[in-house]
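Report on the structure given below.
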């Protein structure tokens, strides 16, 4: 049981801090909109991973290789769209302007779409989490549940900490905030164009 707990904690932390589309999106939103409006987006894996996990676990051995390439293409287009939005925020940034109001659900659903269109959850569930969860579940359902709880508590907790940390950058002044928004735009575009 302890090994499944440690595995869940380790993979959850690694998934949260590994640079990727969701990480870049959360950083961009934390800087632009603040931590209160962005924290709901940290829960997006709970929304996006359920259908991914069901899909991957159901068709684990039957997925054609072209599906991953198709997901990369769609995900790439969406990530470039988010990078463009961040670039527009950078371009139109005014130090004294307030952040336009956004609903918390909008932030959550945008982050969920980032995850749905990103091949990493599909690959992660196919080659890492899926097989381990199935193995643990076959030994005893509690092991699979412990792994999943440890993974998602660590993933979401780490993302919340990152959101708060990057949102605190607002206190460093408008120039730093504008530059960080620009960097997040570049980071999202770079990840999509050169890390595919």
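How about the range 111-188: which helices (runs of 4 or more DSSP H) wholly inside it have at least 2 residues that are surrounded by 14 or more Cβ atoms within 10 Å (Cβ to Cβ) and modelled with pLDDT under 75?
Output list reads 119-124.
Test residue 44 against the stated conditions and say whether it is farther than 23 Å from residue 151 by Cβ, at pLDDT 65 or above and buried (at least 22 other Cβ atoms within 10 Å of the Cβ).
In short, no.
Test residue 51 against the stated conditions and say whether it is surrounded by fewer than 22 Cβ atoms within 10 Å (Cβ to Cβ) and in a helix (DSSP H, G or I).
Spelling it out, residue 51 is indeed surrounded by fewer than 22 Cβ atoms within 10 Å (Cβ to Cβ) and in a helix (DSSP H, G or I).
Somewhere in the range 11-23, is a residue touching a helix residue (DSSP H, G or I) at 6+ places or on another chain (Cβ under 6 Å) and more than 30 Å from residue 143 (Cβ to Cβ)?
yes
The values are calculated or read from the model by the stated rules, or taken from the named source; none is laboratory data. Bear in mind that the values here come from a model prediction, so they are computed numbers and not experimental data. Cβ atoms come from the backbone with ideal geometry, glycine included; neighbour counts cover every protein chain shown.
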